[in-house]
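One structure below.
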Amino acid sequence: MLRCELRPARFRLGENLIEVATASSPAAVRRSDRVCLTLLLEASGRDAEGHEFAEPARTMLISRHGGVIVVHRALAAGQQVHLRRTLETEAHRAGMVRVIRNVGSQNGAQMYSVECVDPQADLWGVEFPALEGSQEFVARMLLECTFCRSREVVYLNEFELGGFEKNRGTARHCKVCDVPTIWTQAPHEVAKIDPVKFAASVHAESGSASAASLTDAERRHSLRLQTRLTACVRLAGSDDELAVCEEISAEGLCFRSKRRFEEQSRIDIAVPYADATANIFVPARVVRVEPTASAGLFRHGVEFLKVSAQSGS
């Protein structure tokens, strides 16, 4: 069970600002990356008052063992709800989840942290790698095979991220196709019907993949990639801030933004970031702030915080 302090963070959904609890401890313990991704669902069961229901829902955040769902129902901690994917190609994915807690609300909809009752259930259709060794990579993204649509959280080193920035995709071996294919960032699922309650696009969170040898890991620590990737900076209790990532390595990065973040601020940052695709935010700390020659802009030096790969969703 994840045990860490929770604090509110704000997310923008279209014109709406919502607030949800996020882990604030730098030593947050987790079992997998957490991906901000919209997946369309049907939720069914009994609500907190014992009334049966079956209605549309969606994810806001997913991890290997659970996530955060949005539903127009009052649910109680500990109760179980059945979730089924509604996208035609994913309709075979279904399973029971257990409600952990209410983490916020938006426009009358409630957001709940949930965990899969069956830890072997593949409800999301995403392959999550082990967190061990992930600190040796500079970026993490949810990528999708353009041929078979398989999805994996992938970790990229400096060279791979530079290639992705240039080509907006990367070539890698697909386990399903059993051949090298082109992989791009996975998009959010969008309802095809008129969006009464659930068709707002989600402002998001992103990555993963193979281990490197010790010599490669040592070499990466001295490498820094010059880039112009879009980043998104998240600070508890305030709006998300879009920024430009100028430099990145396995240890940290440098970004430029209109907003000034104070030194020692604990933030979450996604690089690369794209509004219409899944994003993965990682914990970091601002260690240096300086104004730039451009009026109103600030350059920030950031170090990544290590996340313990133990229990937690």
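The values are calculated or read from the model by the stated rules, or taken from the named source; none is laboratory data. Remember, predicted model here, so these are calculated numbers, not experimental data. With ideal geometry, Cβ positions are generated from the backbone for all residues, glycine too; neighbour counts draw on all protein chains shown. These accessible areas exclude ligands, DNA and RNA; they are computed on the full protein's heavy atoms, side chains included. Shrake-Rupley method; radii C 1.70, N 1.55, O 1.52, S 1.80 Å.
Taking the Cα atoms of the range 108-151, the ratio Rg/Rh between the radius of gyration and the Kirkwood radius comes to 1.06. Take every Cα pair under 8 Å whose residues are at least 6 apart in sequence, average their separation, divide by the length of the range 114-183, and the relative contact order is 26 percent. Whole-Hz Karplus values for the range 256-266 come out as 10, 8, 6, 8, 8, 9, 5, 4, 6, 5, 8 Hz, taken residue by residue from phi with 6.51 cos²θ - 1.76 cosθ + 1.60 and θ = phi - 60°; glycine and proline positions read x.
Per Stokes-Einstein, at 10 °C and 1.306 mPa s, what whole-number D in µm² s⁻¹ belongs to the range 55-111, with the Kirkwood radius over Cα pairs as the hydrodynamic radius? Answer from the Stokes-Einstein relation: 132 µm²/s.
Each peptide among 245-252, 46-53, 284-291 gets the average number of other Cβ atoms lying within 10 Å of its residues, and from highest to lowest they stand as 245-252, 284-291, 46-53.
Peptides 143-150, 182-189 ranked from most to least packed, by the mean per-residue count of other Cβ atoms within 10 Å: 182-189, 143-150. For the range 137-158, the residues whose backbone nitrogen is under 16 Å from a point 7 Å from the Cα of THR89, taken along Cα to Cβ, are 143-152. Ranked by solvent-accessible area (1.4 Å probe, protein heavy atoms only, all chains present), the residues ASP268, ASP178 order from largest to smallest as ASP178, ASP268.
VAL176 sits with roughly 100 Å² accessible to a 1.4 Å probe, with DNA, RNA and ligands left out of the calculation.
Surface composition of the range 41-108: carbon and sulfur atoms hold 47% of the protein heavy-atom accessible area at a 1.4 Å probe. Based on Cα contacts under 8 Å between residues 6+ apart, the range 35-118 shows a relative contact order of 27 percent.
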